[in-house]
Amino acid sequence: MSVSFTLTSQTEISCDIPIDLAKARHPQYGRYLDELEPGQVFEHPRGFTFTATNMLGFARTFMQANPLYLNRQYACDIGFPDLLASPQMVFNVTLSLGVQNDSEKAIANLGYYQVQFTRPVYPGDTLRAFTKVLERKDRGPDKPGITLIRTVGINQDDAVVLQYDRKIMVGWRGERSPTTPAPKTTMAFPSDDIALVELPLTGNNIVTGLGGPNTYFEDFTPGDIIVHANGRTITEEHMALTYGVGNSHPLHFDRVFSSALSGKMSGEPIVYGGLIFAWLDGLASRDVSEHAVWELGFSEGYHTQPAFAGDTVGALSRVLAVEDMPGIDGYGVVTLQLVGVKNISAAEALEQHGADLFLKEDAKRAAGKDKITDKIFEIERRLLVMRRSC
Amino acid sequence: MSVSFTLTSQTEISCDIPIDLAKARHPQYGRYLDELEPGQVFEHPRGFTFTATNMLGFARTFMQANPLYLNRQYACDIGFPDLLASPQMVFNVTLSLGVQNDSEKAIANLGYYQVQFTRPVYPGDTLRAFTKVLERKDRGPDKPGITLIRTVGINQDDAVVLQYDRKIMVGWRGERSPTTPAPKTTMAFPSDDIALVELPLTGNNIVTGLGGPNTYFEDFTPGDIIVHANGRTITEEHMALTYGVGNSHPLHFDRVFSSALSGKMSGEPIVYGGLIFAWLDGLASRDVSEHAVWELGFSEGYHTQPAFAGDTVGALSRVLAVEDMPGIDGYGVVTLQLVGVKNISAAEALEQHGADLFLKEDAKRAAGKDKITDKIFEIERRLLVMRRSC
Amino acid sequence: MSVSFTLTSQTEISCDIPIDLAKARHPQYGRYLDELEPGQVFEHPRGFTFTATNMLGFARTFMQANPLYLNRQYACDIGFPDLLASPQMVFNVTLSLGVQNDSEKAIANLGYYQVQFTRPVYPGDTLRAFTKVLERKDRGPDKPGITLIRTVGINQDDAVVLQYDRKIMVGWRGERSPTTPAPKTTMAFPSDDIALVELPLTGNNIVTGLGGPNTYFEDFTPGDIIVHANGRTITEEHMALTYGVGNSHPLHFDRVFSSALSGKMSGEPIVYGGLIFAWLDGLASRDVSEHAVWELGFSEGYHTQPAFAGDTVGALSRVLAVEDMPGIDGYGVVTLQLVGVKNISAAEALEQHGADLFLKEDAKRAAGKDKITDKIFEIERRLLVMRRSC
């Protein structure tokens, strides 16, 4: 079937249509606390088509060193059928797909939990996302509440590629108009409780000059602290990058909105946290993940201070564990703590703050310590890393 | 046939070639008023190859919400063979292809008229453009004149994808050197007087969560005023975006040029108007065009104030008409007025200026009213929008 | 073969792992002077996959006018099987692939020599790079030394696409820790001593409107000085663009690093020189290289002043020679001197500095002249340019 029609000259009509202010409406997106009910499922609009170039571009922008995301020839030699989207891109896109519905009214992003990558994303894949409300915690009528949500990203074959939980702080709707209804869901909430991952790896760990010589599984020992040399100055580019991954929260790109806020969010647009995490991961990558063949997951991720255009971010990693992966010869699991700082070099931050840099910020009060204002992020992550020989 | 040769060591020779300032030439582009004659046809240089990624990238940068431009799977489900280039990208690229010849000497862009989209642009298509001078209005020897031009964009099969008229203000050449001659035209000026559009739509309007639930044809009523919630702060990114679509006017990216001007264009580079329009369209899209399957056209488009890096733009739409499209069941035509504001939220602008916001700026004087300095743009647009059920 | 495993819930463990500052390490990249030995060969990490879109994007960002890099249809009509990567992109990427090993500790980039392009790069190609240390010049223990290196870029078939020499100034390691070892080389240093270039040109020089009418071989005469009309204001975009081509030197994107330096590099991040060269080449392109079918090479390239975000760059070209290419009918060789200026228009720079603008900066002292602080770059380049008729 096709539709055909003839275009005709367009005549100006605005002056003939009476202007009636009573007919104004103000569509609002996101959800207020009163609008969230445990058990609700939302299907998120738009979707996102991945291409070789937007994958390469994301990896380059965020300074990834793992050739899996930069070099198609290498990805194929390892066993994958094509380039891989970096886990950071899959995470940023999936989270952002949910923002218009889940968090465009959120006051703060409190934490990431149980982020699990279950399938590779290749050029040509299209992702869409669903969210289920798991909990809503009221803290009284005069305080914003906290909601725990689970989001799942699926590809064009309805197979889950990512799932994660997230806590966000949201205010009450009160007298304000309700937000725009969510699209109706067209399928059951996808879930992958078993989370079986299958990777087409050849097992012939190739020795090339494309990864460094000292970032194999054998090069990590629990307790190692790795101070990443370079920082990255974040520019106003962050506003375009936020929309580039599909995140529609005005806090990140609308100075009129940001300036009208009160408190510590007031003023310049705040850098979307997913971008910060991606830069920190990238800054660390040539020291820790050049030979990672899979990002198993993240958890306990907290943005402990906001960042703004002009800030320079730096990163440190600490090796928490190295383990064999049962039944799998050529690779092992490395668990790392990743910490981000701003406007101080990573080396200088370690010099100044010592062991406290790796103490979780929300544990500081109980330990009788002050929060570290130079510190912007902390998370634990698990990587499947190539062994030197197999 | 092939050409082969051997590269030899390159010996420095600049010091042996006498420097003769008399041999300096200063190629200039664009046309002065004296150089434009009604009936002239120009073939524009370069051309522009569209790819899935530059199409997706444009749609994301300018905040498009319609999944047709963001999600290949959705575009195919609707009936198109692939992703579509957004109309804003086709318009921006076609206009920009003509700038080096048509308007690189223009003082101001006065208006867009009868912009008509006649064929989809898909990944892999290459566009080029032609312009015909329709009118030249002299306003005396001491004043810049006004020219009306028609530009047509064609694809690699010489089929017209876009045509539009544009009025620009241009100064006299006077004592200055002539501009660089235009390339010779290699074919007759393409025109599509009938402007028949054929779209491969399936007519099975799919219900998905990928578009919102309340932007179907039935959701629009003449007179509705829709205040779009978010704004977008424009950064210095605009300079690269201008060249990204192929626009070569130095007013938009050359601060040495801008600073040397006198009057209200003097100072910082001005944001190319096509980009402003694209952002306003994007800001409006989740409220008005998520379910549009075709942009029929624009007309009476005016940039009423310039914008600069640092400005935050916002948008409002007013529904002017909703009409059936004869012989076509599943879709209807929605005509909208789109208004842009800057450095004020759309809601606040409506609060402050009321009905005057939708009164055309060039009608203000006759109505005994002042121009609204917060207002930056106005246009009428016609969309072919999916019905909820068919 | 494939690898499969089940993802399990991730338990927080950082608080259980003792924090031992003695286990901190600080991986450093680049080489100090003491670490460079003539004859050493380095294989560079990562590699870079070219796609139609990142090639088009690079050409657009740097304002290329040659349709070979912008228009797939034109490239195919000329005889190439697909779009070409612009020489500037091939040069920028290959140089950047080597930075982490060769020059991340460099104090200054002193010059480019014998840059030769030996094969086209097409969409889908993946490049990697090797460097050989040719010379190390010590200037005493209290002074940085100078090293001459040769870098070669090869494609996925191990065929050389680019080779060039570069001089860099590097400090002694002294008491500092050694830098991270380079990856082992997996093949002999690739070299193309004969440098035979084969191009699949049809020889039927097509006449289209896609290039201008006056940039054919016949339009150039030795001694011509061509003042390019437009400039380009460089914004903070340069930081992302630097990493976009894979350059990891913190001088270009880490303000904490830059601010801690002393001397004229201290303060804001300096624009990576390869980007400057690419913009100057782009600004010149519509006047000199629209009909170039091959960039034969560059030599004697010097960045004579640094540039920063906010600077506006402009360009001038001088024709040094026009020569037949023996055995090749339809094309001739044009040798040009390209000069860059900043924060002054090219026309004004010629007005102010006259012939001195084309005198090499390092020859100024011997000639009893001052250096020109407005001048930022100079190089000689050789192009294979289409004849008007053949």
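Here is how the number arises for chain C: DSSP H runs of 4 or more residues each give -39500 (n - 2.57), the sum is divided by the residue count, and the result at 222 nm is -5000 deg cm²/dmol.
Each Lys or Arg adds one and each Asp or Glu takes one away; over the other residues whose Cβ falls under 14 Å from the Cβ of C:Asp324, this sums to -1. Residues whose amide H lies under 5 Å from that of B:Ile234, counting only those 5 or more places away or on a different chain, are B:Gly310, B:Asp311, B:Thr312, B:Val313; hydrogens are built 1.01 Å from N in the peptide plane.
Note down the magnitude of the dipole of chain A about its Cα centre, charges +1 on Lys and Arg C-beta and -1 on Asp and Glu C-beta and zero elsewhere, to the nearest 20 debye. Spell out each step's value before the answer.
Numbers: 36 positive and 47 negative charges, 143 e Å.
Result for chain A is approximately 680 debye, rounded to the nearest 20.
Going by a ≥ b ≥ c, the root eigenvalues of the Cα gyration tensor, does region C:1-106 fall in the rounded group (a/c under 1.5), the prolate group (a/b larger than b/c) or the oblate group? It is oblate, given that a/c is not under 1.5 and a/b is not larger than b/c.
With contacts taken as Cα pairs under 8 Å and at least 6 residues apart, chain C reaches a relative contact order of 18 percent. Phi angles of region C:36-51 translate, via the Karplus equation with coefficients 6.51, -1.76, 1.60 and θ = phi - 60°, into HN-Hα couplings of 9, 10, x, x, 4, 10, 10, 9, 8, x, 6, x, 8, 8, 8, 10 Hz per residue; Gly and Pro are given as x. So what's the net charge close to A:Met89: Lys and Arg +1, Asp and Glu -1, counting the other residues with Cβ under 15 Å from its Cβ? Residues close to A:Met89 contribute a combined charge of -1. Scanning residues 5 or more positions from B:Thr51 or on other chains, those with amide H under 5 Å from its amide H are B:Gly124, with H placed 1.01 Å from N in the peptide plane. The two copies A and B are related by a rotation, and the chain A beta carbon nearest its axis, with distance in whole angstrom, is A:Thr53, 2. A:Leu296's amide H: which non-local residues (gap 5+, or another chain) put their own amide H closer than 5 Å, with H modeled 1.01 Å from N in plane and none for Pro or chain starts? Long-range HN contacts for A:Leu296: A:Arg382, A:Leu383, A:Leu384. Among B:Asp193, B:Asp157, B:Asp82, the largest mean-square fluctuation in a Gaussian network model of chain B (Cα springs under 10 Å) belongs to B:Asp193. Charging the Cβ of each Asp and Glu at -1 and of each Lys and Arg at +1, and nothing else, the dipole of the protein assembly as shown about its Cα centre rounds to 1360 debye.
Rounded, prolate or oblate: which one fits region C:269-309, using the alpha carbon gyration tensor with axes a ≥ b ≥ c (rounded when a/c is under 1.5, else prolate when a/b beats b/c, else oblate)? All intermediate terms of the calculation are to be shown ahead of the outcome.
Values: a/c = 2.98, a/b = 1.81, b/c = 1.65.
The shape class here is prolate.
Relative contact order (percent) for region C:303-367, with alpha-carbon contacts under 8 angstrom and 6 or more residues of separation? Walk me through the numbers on the way to the answer.
On the way: 67 pairs, mean separation 20.6, N = 65.
Once divided by the residue count of region C:303-367, the mean separation gives 32 percent.
Let's test the formula: R0 of 51 Å, r as the Cβ-Cβ distance of B:Glu351 and C:Thr8. What FRET efficiency results, to the nearest 0.05?
Details: r = 54 Å, r/R0 = 1.06.
That gives a FRET efficiency of 0.40.
Let a ≥ b ≥ c be the square roots of the eigenvalues of the Cα gyration tensor of the protein assembly as shown; is it rounded (a/c under 1.5), or, if not, prolate (a/b larger than b/c) or oblate? Since a/c reaches 1.5 but b/c is at least a/b, the shape of the protein assembly as shown is classed as oblate.
Please compute, for peptide A:239-252, the average count of beta-carbon atoms on other protein chains lying within 10 Å of each residue's beta-carbon.
The shielding value for this peptide is 4.
Across region B:68-80, computed HN-Hα scalar couplings (Karplus, 6.51 cos²θ - 1.76 cosθ + 1.60, θ = phi - 60°) run 3, 9, 10, 9, 4, 4, 5, 4, 6, 4, 5, x, 6 Hz from first to last residue, x flagging Gly and Pro.
Among DSSP beta bridges whose residues both lie in the protein assembly as shown, state the antiparallel percentage, nearest 5. Before the final figure, lay out each step's value.
Values: 228 of 234 bridges.
Bridges in the protein assembly as shown that DSSP calls antiparallel: roughly 95 percent.
Considering only C:Phe117, C:Thr131, C:Ala159, and ranking their Cα positions along the charge dipole of region C:88-203 that arises from unit charges at the beta-carbon of Lys, Arg, Asp and Glu, the one farthest toward the positive end is C:Thr131. Each Cα pair under 8 Å and six or more residues apart adds its sequence gap; the mean of these over the residue count of region B:33-119 is a relative contact order of 28 percent.
Which whole number gives the average count of other chain Cβ atoms within 10 Å of the Cβ atoms across peptide B:337-344? Show your work: numbers first, answer last.
Working: counts 6, 0, 1, 0, 1, 1, 3, 1.
Averaged over the peptide's residues, the number is 2.
Of C:Pro45, C:Pro213, C:Pro123, the residue with the greatest mean-square motion in the GNM of chain C, using alpha carbon springs below 10 Å, is C:Pro213. Coupling constants for region A:3-12 follow from the phi torsions by the Karplus curve (6.51 cos²θ - 1.76 cosθ + 1.60, θ = phi - 60°), and in residue order they are 10, 9, 7, 10, 7, 10, 4, 9, 8, 4 Hz; glycine and proline get x. Which of B:Leu110, B:Leu199, B:Leu283 ends up with the largest GNM mean-square fluctuation for chain B, with Cα atoms connected below 10 Å? Maximum among the listed residues: B:Leu199.
What net charge is computed for the residues neighbouring C:Gly246, neighbours being all others with C-beta under 13 Å from the C-beta of C:Gly246, Lys and Arg scored +1, Asp and Glu -1? So the environment of C:Gly246 carries a net charge of +2. Kirkwood Rh over alpha-carbon pairs of region B:203-274, then Stokes-Einstein at 4 °C and 1.567 mPa s: what D in µm² s⁻¹, rounded to an integer? It comes out at roughly 80 µm²/s.
Since every read-out is calculated from the coordinates, none of them should be taken as a lab result. Not measured: the values here are computed from a predicted model. Positions of Cβ are generated from backbone atoms using ideal geometry, with glycine treated the same way; all protein chains shown enter the neighbour counts.
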